[in-house]
1. How many residues, within the stretch 16-34, are among the acidic types (Asp, Glu), assigned to a helix (DSSP H, G or I) and closer than 18 Å to Arg54 by Cα?
2. Which residue, of Arg94, Arg117, Arg54, Arg69, is of a type outside the set (Phe, Trp, Tyr) and closer than 30 Å to Gly15 by Cα?
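The values are calculated or read from the model by the stated rules, or taken from the named source; none is laboratory data. Treat the numbers as computed from the prediction; the structure is a model and nothing was measured. Cβ placement follows ideal geometry from the backbone for every residue including glycine, while neighbour counts extend to all protein chains displayed.
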Amino acid sequence: MRASRDTDWDIADLGKLPRSKLREVWQNELNENPPACFGRELLALGIAYARQERRYGGFRKTSVRELDRLFGTSPPVGRPGTILVREWQGITHRVTVVADGFIWNGNTHSSLSGIARAITGTKWNGPRFFGLREATDGL
């Protein structure tokens, strides 16, 4: 069943479309080329998700952070023993990664953000402060 736009198909009908048509719909709706390795099923699921996200909204930031934590997609901070260095207002700060957090100024901290806040006096994203994430990243 077609909706008002030529390439705007009902979600239920996406699974019936050929791969070439799904690639076209993806391009029109997401304004980007779909990954070449995606088959019909993944293309249909991706388009359906994008439509649902537009209609009902996406994940809350807290949910995204929790998923990142669970699946290990947060910015890498290195193995225990890694030393992060950041100069702030003429003072060089060294943070050592340990198995249960980070050591800074002889104290163990659970997050880089807490250390960044202690250093600057303002709220910072810890991985961004220590150069582990670009300033344009989300979250």
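1. The number of residues fulfilling the criteria is 1.
2. Step by step, each of Arg94, Arg117, Arg54, Arg69 is checked, and only Arg54 is of a type outside the set (Phe, Trp, Tyr) and closer than 30 Å to Gly15 by Cα.
Residues are listed down the side, and each one gets a yes or a no for (1) in contact (Cβ under 8 Å) with a residue 60 or more places away in the chain; (2) of a type outside the set (Gly, Ala, Ser); (3) assigned by TED's automatic domain parsing to the domain that holds Pro18; (4) loosely packed, with under 12 Cβ neighbours inside 10 Å:
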residue	(1), (2), (3), (4)
Ala44	no, no, yes, no
Ala48	no, no, yes, no
Arg65	yes, yes, no, no
Leu70	no, yes, no, yes
Ile91	no, yes, no, yes
Gly101	no, no, no, no
Trp104	no, yes, no, no
His109	no, yes, no, no
